[in-house]
Amino acid sequence: MTRNAGCSEALRPYKTRAQAEVAELRQKGNHIKLEHVPREQNIGADALSNRVMDEVQRRATAEYRYSATAKSYAMASAMRRLTSIVRRRFARHARCTPTP
């Protein structure tokens, strides 16, 4: 767990934390051996990681849809208010304009 090859910037804080916890466990006298297991050989972990990625994607999509819907409602409400203001001002202006 000492190499940084293949470790993205997003995962580095987790790697640092894991390294610190492993060091603490070793300091307490525990024997710890870490091995890389390819995803193809660890079907359970692969399935779990795929499930998590799918859930993150689903939530992001749902959040975007909610956000887009909320924005469209806010925009429609603002347009109604603006239309109402313009109509009132136009009506006032129309009453004040002399007819030829």
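The values are calculated or read from the model by the stated rules, or taken from the named source; none is laboratory data. All values reported here derive from a predicted model rather than from experimental measurement. Cβ coordinates were reconstructed from backbone atoms using ideal geometry, including for glycine residues, and neighbour counts include every protein chain displayed.
Tell me, which residue of the stretch 31-80 that is β-branched (Val, Ile, Thr) and assigned to a helix (DSSP H, G or I) is farthest from ALA20 (Cα to Cα)? Can you show your working first?
Pass one, the stretch 31-80, residues β-branched (Val, Ile, Thr): 32, 37, 43, 52, 56, 61, 69.
Okay, now just the ones that are also assigned to a helix (DSSP H, G or I), so 43, 52, 56, 61, 69.
Working: ILE43: 28, VAL52: 25, VAL56: 28, THR61: 35, THR69: 44 Å.
Going through the qualifying residues, I end up with THR69.
Determine which member of the set HIS36, HIS31 is exposed (fewer than 10 other Cβ atoms within 10 Å of the Cβ), modelled with pLDDT of 85 or more and of a type outside the set (A, V, I, L, M). Let's see the steps before the verdict.
Working: HIS36 fails: modelled with pLDDT of 85 or more.
After applying the criteria, what remains is HIS31.
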